[in-house]
Amino acid sequence: WVTITHGCENFCSYCIVPYVRGSLISFPSERILKYIKELASEGVIEVTLLGQNVNQYGLDCGEIPFYKLLEKTAAINGIKKLNFLTSHPMDFSSSIVDVIKDNSNISRSIHLPLQSGADQVLKRMNRKYTMSDYFRIIETLKLKLEDFALSTDLIVGFPGETEEDFRNTLKAVSEIKYDEAFMYAYSPRAGTPASSIKEELTKAEKIERLNELITLQRKISLEKLKSRINRIELVIAEKVSRKSENEVSGKTFLNHPVVFTGNSTDIGKETRVEIIEVRGSTLIGKKIY
Ligand code: SF4
């Protein structure tokens, strides 16, 4: 995990980060790249670039833009898998997608927080994109990448969210079909602009909406996992399974969790795995020799 920025100045109306962490600070690209080269020379093969909104890297100080940093990191010898977190839809440019497309070691697992599927809620959240902007990014991803997984964050019951707004979130989730979603019922953070807006929904109503969303997303996540059956996935094994010493677990290149036949000698190596079934929310596979 390599932190590339500190702080955030996007001021989403529900979020406390800009007040507690302060403005965006991008760390010098030269130092970041030198550090990752050192990690790679010590045998690290997977790196995640971290920041509140990594897509804004460099905007505060005239550093290289994020897509360039991504490209330079992907070119470091020994880095077999490169992830980045978190992206913001308002800054997710097609240059980033081009760099992903041209570098096979960049993970095709994209985390793109939507938060709400209703334009009027996004506006009140101060997210600075509309649903059509968001759908345009999805279209670009579909056009340029052969295979990718998408995950997101969603908040239900934001102050002023009507039943119709909530239905729009459900509709967006059904259409986009995320592989995974982190879903929350809105709860006010003292000191944020949203916390001063009067809430009309009760806690029970927010939980009811959240449960409906979770039920829908679970069904979609399962469908997405099942669609990987019979495929050959590239996996970096991370640890021996707790249940059996003849099984190891890790993540596929799309960051789906997987358990497959193997042992401690597989840890940290890239392995080709055939997916044979889905158990719960985990793919089960066998090593291809
Ligand atoms: Fe920044 Fe993310 Fe908080 Fe928005 S939600 S203010 S982008 S940290």
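The values are calculated or read from the model by the stated rules, or taken from the named source; none is laboratory data. Owing to the predicted nature of the structure, the values given are computational and were not obtained by experimental measurement. Neighbour counts run over all protein chains shown; Cβ positions are idealised from the backbone, glycine included.
Taking each residue of segment 166-183 that is within 16 Å of R136 (Cα to Cα) and looking for partners that are small (G, A, S) and in a strand (DSSP E or B) with beta-carbon atoms closer than 9 Å, six or more apart or interchain, yields V173/A181; Y178/A149; Y178/S151. Scanning for something out of contact with any Pro (no Cβ under 7 Å at 6 or more places or on another chain) and touching a residue at least 60 places away in the same chain (Cβ under 8 Å), does segment 192-201 turn up at least one residue? Yes, the conditions are met somewhere in segment 192-201. No other residue among G280, G250, G262 is free of Cβ contacts under 8 Å to residues at least 24 places away in the same chain and crowded, with 20+ Cβ neighbours inside 10 Å apart from G250.
When you look at L143, is it free of Cβ contacts under 8 Å to residues at least 12 places away in the same chain, more than 14 Å from the ligand (Cβ to nearest atom) and of a type in the set (A, V, I, L, M), yes or no? Spelling it out, L143 is indeed free of Cβ contacts under 8 Å to residues at least 12 places away in the same chain, more than 14 Å from the ligand (Cβ to nearest atom) and of a type in the set (A, V, I, L, M).
Filtering segment 161-197 to residues that are of a type in the set (G, A, S) and surrounded by fewer than 18 Cβ atoms within 10 Å (Cβ to Cβ) leaves S174, S187, A190, G191, S195, S196. There is at least one residue in segment 225-247 that is surrounded by fewer than 18 Cβ atoms within 10 Å (Cβ to Cβ), in contact with a Leu (Cβ under 9 Å, 6 or more places away or on another chain), modelled with pLDDT of 95 or more and not aromatic (F, W, Y).
Within segment 120-140, being within 12 Å of the ligand (Cβ to nearest atom) and surrounded by fewer than 20 Cβ atoms within 10 Å (Cβ to Cβ) holds for N126, K128, Y129.
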